[in-house]
Amino acid sequence: FTMVAECRNAETGVGAVMRHAHVEAGSSVLVVGCGGVGLNAVQGAKLVGAKTIIACDLLDRPTAAEDVDWESIAAKLHMSYENFRKRFARLAGMPPSQYRMRRVMERASALMHRSHMTLREVADECGFCSEGGSREVCGCR
């Protein structure tokens, strides 16, 4: 079993599959994130002959308020939570919970800068308790 996550400080997509994660023919692969990089990782896994390819956006739920059951995710991958967390952190450069919060913060920041939503609407959309919470997280004044 190999896990490929969005790697910001390493190779991404096909390169992550072939050189960073060392995916081999016949192996099972989990690709975390289904954006452009994730879809390229799926293609890379197919190119090297992975037997089973699972792509998921489990960590991209829209709000910070939603809990993610990490132990359940690990169990579905036939891994202990601790093994899952360590492998994820090694590949993504941060633990799963930090990665997920980073994605929520990026989403909130994009909404603040690229939409006509009020700060209150962004806070509600992203699951922050208050406008101040979203302001602090995204560095907006």
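Going by the structure shown, is P62 touching a helix residue (DSSP H, G or I) at 6+ places or on another chain (Cβ under 8 Å) and at pLDDT 85 or above? For P62, the condition - touching a helix residue (DSSP H, G or I) at 6+ places or on another chain (Cβ under 8 Å) and at pLDDT 85 or above - is not met.
Checking the conditions here, which among E125, E131 is at pLDDT below 85 and touching a Lys or Arg at 6+ places or on another chain (Cβ under 7 Å)?
Checking each option against the conditions leaves just E131.
Is it true that some residue in the range 87-98 is at pLDDT below 80, of a type outside the set (S, T, N, Q) and touching a Phe, Trp or Tyr at 6+ places or on another chain (Cβ under 6 Å)? Among the residues of the range 87-98, at least one is at pLDDT below 80, of a type outside the set (S, T, N, Q) and touching a Phe, Trp or Tyr at 6+ places or on another chain (Cβ under 6 Å), which makes the answer yes.
Just to be sure, is E71 open to solvent by 60 Å² or more (accessible area, probe 1.4 Å), over 26 Å from G15 (Cβ atoms), at pLDDT 80 or above and touching a Leu at 6+ places or on another chain (Cβ under 9 Å)? It is false that E71 is open to solvent by 60 Å² or more (accessible area, probe 1.4 Å), over 26 Å from G15 (Cβ atoms), at pLDDT 80 or above and touching a Leu at 6+ places or on another chain (Cβ under 9 Å). Just so you know, in the range 28-59 the residues that are assigned to a loop (DSSP other than H, G, I, E, B) and modelled with pLDDT of 85 or more include one that is surrounded by the most Cβ atoms within 10 Å (Cβ to Cβ), and it is A50. For the range 85-94, a residue qualifies if it is out of contact with any Cys (no Cβ under 9 Å at 6 or more places or on another chain) and either open to solvent by 40 Å² or more (accessible area, probe 1.4 Å) or in contact (Cβ under 8 Å) with a residue 24 or more places away in the chain (or both), and the qualifying residues are R85, K86, R87, F88, R90.
The values are calculated or read from the model by the stated rules, or taken from the named source; none is laboratory data. Everything numeric here is computed off the predicted structure, so don't read it as measured data. Note that we place each Cβ from the backbone using ideal geometry, even for glycine, and neighbour counts take in every protein chain shown. Calculation scope for accessible area: heavy atoms of the full protein, side chains included, ligands and nucleic acids excluded. Shrake-Rupley method; radii C 1.70, N 1.55, O 1.52, S 1.80 Å.
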